[in-house]
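Step one of this worksheet: look at the structure below.
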Amino acid sequence: MRKRQIHLDFHTNGTLPVGKKFSKEQFQTALKAGHVDSITVFSKCHHGWSYHPTEANEIHPCLDFDLLGAQLEACKEINVNAPVYISAGFDEKDYLKHPEWHWVCSPDKEEQAEYEKEVHFHHLCFNTGYLDALCSQIEEVMVKYNPCGIFLDIISPKVCYCEKCLSDMKNLGLDTENKDDLWKFAKIVFNKYTEATNAAVRKHSDTATIFHNSGHIFKGDYEFINSNTHLELESLPTGGWGYDHFPLSSAYVRSLKNTEFLGMTGKFHHSWGEFGGYKHPNALIYETSLSIANGAGCSIGDQMHPLSEMNMATYNLIGKAYSLVEEKEPWLNGAVNIADIAVLSAEAVTGTRDSKADIGTNRMLLENGYLYNFIDTTMDFSDYKLLILPDTGGISDDMIEKIKTYVNNGGKVIASGDALIKDGKFILDTGAEYIGKNEFEPTYYIPCHETVNGTTEYIMRCNSYRFEAKDCEVAAYMQNPYFNRTLEHFCSHAHAPNNPDETFPAAAIKGNVAYIGWDIFTAYANHGHLCFKELFTYIAEKMVGDKLTVRAEIPDRAVMTYTRQEEEKRNILHLLFAHTTVRGTKTEVIEDTVPLYNVKCSIKHENKPSGIVLVPSNEEISFEYSNGTVEFTVPKVDIHQMIAITD
Ligand SMILES: [Zn+2]
């Protein structure tokens, strides 16, 4: 899969001039300046217009030549791949023409009227003639241009109250007022959409790539995952996704075997749709480095001016990042990420997007410099050294059996909150007896281990769970507040102080199993108290500290990943560091960067390596090897440094 891709947005109102400044040479010059090897170009935009002569749709009213064909030709001449974008779900022209195709968001006519007044594109329902129209547009592109791929955007299952959906639901015996039934039918329609559009592509090509963009890859949703030939992880750090979304999403996607994927960021200051927005080159260098360090290729979002001249400031900016990716490619090809820790994704267990339990776990693992993957219940986790079950209950009986086998075979488990509880009992032997959910929130945590601020009572702003310690090490104790803050009684500006009259156990360790009686990961996602991480870290270090593959002396904001290139018989350590600053009201920017110097690293390695080299600069560094561990010092990490450790 090509690693230096562009996603070229081109949503153009029907009154604006299109293509007047397009030049094949200028298009090619920009792609070369950007070190681009693949670009997604437009057949049809969210406004509903095609950018080529068409029988299946209408060409943009102000375009008088085959812009798509010209772009494809330009790409082919310079060996740049060019998958084709077709808007699916948004088609504003058809929305105005076909009221019978409208997605109806609510049974309430006023709410629907409010939605229709929004100044934005409006969704169409795939359970109408719209799907047939879309498929004939896809087929036309396939026949006419035979592109290397099709990118459909932007789709997800949607509950729809249109006449057709409600009548089809009734015919299937589904209750149109029952939320579960509505979602069930939404999934039926969504599957009908993926099957029909995939068939429209496959009818004309066995090899074209297909991707259905929904802005997020739902963990454990194989109906969706398997409808794509590869995955593109839309994750613009400044566009609402933040800098945590991509590491978390990629930590799951790379656990899917044989699935190639891209990390998609943007060149924008904020997000999609922005003309005239540019981020600092250091931000793009960091974001593309983060993609490749996590086993992904790169895709950078751009938006072309309607006149269709490529913006050279944009491609010079992109070139600063992609020229570096190009140099690094020999150490990326075929690389597989190595991980010590598996996290059973709460999103995969519950089906709820952006679970706070996942987000908090991801943050702690990143900040601790641990090597980890997120998994769903279908994946094998027997080789991981530690399995984390964060906060959320509802784990299936099958999975519980697999976890028991894993523990019996020596695997370690850290679970928290509701994750280890079923029918009022612990599902694993924790050396403790479960009592029940605590009625108090917040509560206080008293550590039985070293912390930065010493032993005292620390506020825990989350659900908590009571148990009796029987045959376990107690790693933390809990105290309740005098009372919950209610209308009946409150104290001071926030919560009531701790009541020291009663102290009870809050974290238990027995053998291979540890249990934390707080929703500690959700709390960390919401509040980020240091003490939450200190408790988790104490337990993790105690259980697997001496087994972790890589240790690097890096700050909390740094990122570390480790990959294996089997063919080349070498491992690659990736160290990344850049700090973000909030600009405006909420935009995290990366501008100035501060290098890290003399980073000490220690890696478990079966045999003495034949060499350790900073790449791509090819500078050898000295190392010491003893007792299966290699130690070395990386002189400088300037945003991103790769270190190749050859067998
Ligand atoms: Zn509908």
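Candidates 248, 284, 262: the one that is of a type in the set (A, V, I, L, M) and under 19 Å from residue 1 (Cα atoms) is 262. A residue that is within 16 Å of the ligand (Cβ to nearest atom) and in contact with a Pro (Cβ under 7 Å, 6 or more places away or on another chain) cannot be found anywhere in the range 209-225.
For the range 158-206, filtered to residues that are of a type in the set (Val, Ile, Thr) and near the ligand (Cβ under 10 Å from one of its atoms), the residue that is surrounded by the most Cβ atoms within 10 Å (Cβ to Cβ) is 189. Annotation note: of 63, 124, 131, the sole residue that is over 27 Å from residue 187 (Cα atoms) and either in contact (Cβ under 8 Å) with a residue 24 or more places away in the chain or away from the ligand (no atom under 15 Å from the Cβ) (or both) is 63. Can you tell me which residues in the range 96-109 are away from the ligand (no atom under 16 Å from the Cβ) and of a type in the set (D, E, K, R)? Result: 97, single match. Give the residue that is modelled with the lowest pLDDT, with candidates limited to residues of the range 245-259 that are under 27 Å from residue 285 (Cα atoms) and surrounded by fewer than 18 Cβ atoms within 10 Å (Cβ to Cβ). The extreme case among them is 258. Within the set 539, 554, the sole residue that is farther than 22 Å from residue 354 by Cα and touching a Leu at 6+ places or on another chain (Cβ under 8 Å) turns out to be 554. Based on what the data block shows, is residue 617 of a type in the set (S, T, N, Q), exposed (fewer than 13 other Cβ atoms within 10 Å of the Cβ) and closer than 27 Å to residue 280 by Cα? For residue 617, the condition - of a type in the set (S, T, N, Q), exposed (fewer than 13 other Cβ atoms within 10 Å of the Cβ) and closer than 27 Å to residue 280 by Cα - is met.
The condition of being at pLDDT below 95 and more than 14 Å from residue 84 (Cβ to Cβ) holds for only one of 154, 225, that being 154. Residue count for the range 128-160 under the criterion of being β-branched (Val, Ile, Thr), within 30 Å of the chain's Cα centre (by Cα) and in a helix (DSSP H, G or I): the result is 1. Taking the stated definitions as given, is residue 152 in contact (Cβ under 8 Å) with a residue 12 or more places away in the chain, surrounded by 21 or more Cβ atoms within 10 Å (Cβ to Cβ), within 14 Å of the ligand (Cβ to nearest atom) and in the same structural domain as residue 273 (by TED's automatic domain parsing)? The answer is no for residue 152. Working only within the range 420-431, note down all residues that are in a loop (DSSP other than H, G, I, E, B), buried (at least 19 other Cβ atoms within 10 Å of the Cβ) and free of Cβ contacts under 8 Å to residues at least 60 places away in the same chain. Correct list: 427 only. Which one of these is part of a helix (DSSP H, G or I), under 18 Å from residue 82 (Cα atoms) and modelled with pLDDT of 95 or more: 201, 189? Checking each option against the conditions leaves just 201.
Taking residue 117, is it away from the ligand (no atom under 16 Å from the Cβ) and not assigned by TED's automatic domain parsing to the domain that holds residue 58? Spelling it out, it is not the case that residue 117 is away from the ligand (no atom under 16 Å from the Cβ) and not assigned by TED's automatic domain parsing to the domain that holds residue 58. Considering (1) within 16 Å of the ligand (Cβ to nearest atom); (2) of a type in the set (S, T, N, Q); (3) at pLDDT 95 or above, the lone condition that residue 112 does not fulfil carries the number (3).
Against the criterion of being β-branched (Val, Ile, Thr), part of a loop (DSSP other than H, G, I, E, B) and free of Cβ contacts under 8 Å to residues at least 24 places away in the same chain, residue 405 does not qualify. Only residues that are of a type outside the set (Lys, Arg), in a strand (DSSP E or B) and closer than 14 Å to residue 553 by Cα were counted in the range 594-638, giving 13. Within the range 302-325, one or more residues are over 30 Å from residue 646 (Cα atoms), touching a Ser or Thr at 6+ places or on another chain (Cβ under 7 Å) and of a type outside the set (S, T, N, Q).
Picking from residues in the range 83-97 that are within 19 Å of residue 214 (Cβ to Cβ) and hydroxyl-bearing (Ser, Thr, Tyr), the one that is surrounded by the most Cβ atoms within 10 Å (Cβ to Cβ) is 85.
If you filter the range 218-237 down to residues that are touching a residue at least 60 places away in the same chain (Cβ under 8 Å) and among the aliphatic types (A, V, I, L, M), you find that the one that is nearest to residue 374 (Cα to Cα) is 233.
The residues listed here are 300, 359, 292; of these, the one that is in contact (Cβ under 8 Å) with a residue 40 or more places away in the chain, in contact with a strand residue (DSSP E or B) (Cβ under 6 Å, 6 or more places away or on another chain) and not in a loop (DSSP other than H, G, I, E, B) is 300. Each residue in the range 448-485 was checked for being in a strand (DSSP E or B) and under 13 Å from residue 517 (Cα atoms), and 13 pass. Screening residue 434 with (1) part of a strand (DSSP E or B); (2) closer than 30 Å to residue 574 by Cα; (3) in contact with a Gly (Cβ under 9 Å, 6 or more places away or on another chain) gives one miss only, at (2).
When residue 600 is tested against (1) closer than 18 Å to residue 568 by Cα; (2) of a type in the set (Lys, Arg); (3) in contact (Cβ under 8 Å) with a residue 24 or more places away in the chain, only condition (1) is not met. Residues that are assigned to a helix (DSSP H, G or I), surrounded by 20 or more Cβ atoms within 10 Å (Cβ to Cβ) and modelled with pLDDT of 95 or more occur in the range 366-381; there is at least one.
Evaluation of residue 591 against the conditions (1) of a type outside the set (S, T, N, Q); (2) in a strand (DSSP E or B); (3) surrounded by 13 or more Cβ atoms within 10 Å (Cβ to Cβ); (4) under 29 Å from the mean Cα position of the chain (by Cα) shows that the sole unmet condition is (2). None of 20, 24 is in the same structural domain as residue 265 (by TED's automatic domain parsing), touching a helix residue (DSSP H, G or I) at 6+ places or on another chain (Cβ under 8 Å) and of a type in the set (D, E, K, R) except 24. Scanning the range 1-45 for residues that are buried (at least 23 other Cβ atoms within 10 Å of the Cβ), of a type in the set (S, T, N, Q) and not in a strand (DSSP E or B) yields one hit, 12.
Is it the case, given these coordinates, that residue 561 is surrounded by 14 or more Cβ atoms within 10 Å (Cβ to Cβ) and part of a loop (DSSP other than H, G, I, E, B)? Judged against the criteria, residue 561 is not a match.
The values are calculated or read from the model by the stated rules, or taken from the named source; none is laboratory data. The shown structure was predicted, so the numbers you read here are calculated from the model rather than taken from an experiment. A quick note on method: Cβ atoms are made from the backbone with ideal geometry, for glycine too, and the neighbour counts reach across all protein chains shown.
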